[in-house]
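What follows is calculated from the coordinates using simple rules that are stated; it is not laboratory data. These numbers come from a predicted model, not from an experiment. Please note: Cβ atoms are built from the backbone with ideal geometry, for glycine as well, and neighbour counts cover all protein chains shown.
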Amino acid sequence: MSAAYATAARETVTLSAGRSRDKDLRSLVFLGALWFSLLFGILVLLVLILTTAVKGAPRFDMALLTDYSSQLFPERTGFRAGILGSVWVMLATAALAVPLGIAAALHLEEFADGQKWWNRFIEVNLQNLAAVPSIVYGLLAVAFVELVGIRERGLVISGAIALALLILPVIIITTREAVRAVPREIREGSLALGATQWQTTWRQTLPAAVPGIATGTILGLSRAIGEAAPLLMIGTATAIRFDPNGLMSQFTALPLQIYSSTSQSQEALQVAASAAIIVLLVMILALNGLAIYIRNKFQRTW
């Protein structure tokens with residue numbers, strides 16, 4: 001009997017450690033294929049990044065960041081308008097999407113009745129909306145701005161609406177997961193001390209879920225900053241030579257300027273576009289790094 005218990009204990013330890021005795025040829029071939037796919041994808045990505053960086057190396061200068069685009073002097077063309085336009089539209093997108101997404105997630109997770117058919121319908125559609133192509137959100141934004149009476153095309157507010165619609169499902173889903181990870185005992189303890197459900201949510205659940213919410217929100221914004229299709233649908237121009245100064249100002253975005261420069265036949269513009277791709281990649285990696293820092297700095301273990 002003791003031998004049987006010892007064998008069962010060893011098997012339990014093996015399974016919990018992720019090891020298995022099943023090492024036949026098929027499992028080894030499958031494992032090798034998985035590792036090969038992973039390494040191949042990473043290798044291709046590194047080659048693309050290095051090739052782009054080498055091509056754009058002659059244009060890693062301040063003019064790339066401080067000058068405007070120029071067809072007459074392509075060797076001095078810059079992406080100042082695109083960088084500032086991306087910053088403006090990202091700030092407006094965050095102002096629109098973050099409060100609405102967090103509020104919707106808190107309502108669905110803490111207050112809504114999950115047995116009602118309309119709440120189940122909303123939850124199913126949220127999962128589907130997260131996988132909808134970005135150009136569809138551009139079409140939806142066009143219809144929305146026409147509905148509210150905005151006739152001028154290519155405005156900062158229009159771009160913010162398109163990108164806010166794009167990342168709103170992501171923010172709602174990640175916020176719900178962060179709120180769901182808060183232990184139930186915290187809610188029950190607060191309610192037992194006489195707090196209302198709203199006070200419990202506002203003072204206990206939401207602060208405990210902030211690291212997960214911030215991480216998901218920043219990752220959603222890092223996705224939006226590289227999108228070009230929704231901005232094209234709302235009529236965003238690419239040859240803007242001024243800085244945006246408000247929500248009702250016209251703007252261009254860095255991905256759109258990169259697309260426009262790579263489609264030109266002039267070699268100098270393509271070199272500048274390669275350098276701008278690295279700038280955009282650095283911006284995205286900085287946002288992802290900020291998300292990782294917030295998660296590691298403020299996450300709690302329950």
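Brief remarks follow.
- Each of ILE49 and PHE73 was given a label point 7 Å from its Cα along the Cα-to-Cβ line. The distance between the two points is 3.3 nm.
- Centroid-to-centroid separation of region 252-275 and region 200-248 [C-alpha atoms, Å]: 24
- Degrees between helix 134-147 axis and first principal axis of the chain (Cα, 0 to 90, nearest 10): 70
- In a fully extended conformation the segment linking PHE36 and VAL148 would gain 35.2 nm over its present Cα-Cα distance, using 0.36 nm per residue.
- Each part gets one Cα centre, and for region 126-169 versus region 70-90 those centres are 23 Å apart.
- Cα gyration tensor category, rounded, prolate or oblate, for the chain with a/c compared to 1.5: oblate
- Using a cutoff of 8 angstrom between alpha carbon atoms and counting only pairs six or more residues apart, the relative contact order for region 30-100 works out to 16 percent.
- Only Cα pairs under 8 Å and 6+ residues apart enter the sum, and on that basis the relative contact order of region 63-298 stands at 30 percent.
- Packing-based ranking of 116-129, 137-150, 284-297, 208-221 yields 208-221, 137-150, 284-297, 116-129, ordered from highest to lowest mean Cβ neighbour count within 10 Å.
- Between ALA63 and GLN270, residue separation times 0.36 nm minus the direct Cα-Cα distance comes to 73.0 nm.
- In degrees, nearest ten, helix 80-106 long axis to first principal axis of the chain (Cα): 30
- Between the Cα long axis of helix 267-298 and the first principal axis of the chain there is an angle of about 30°, rounded to the nearest 10.
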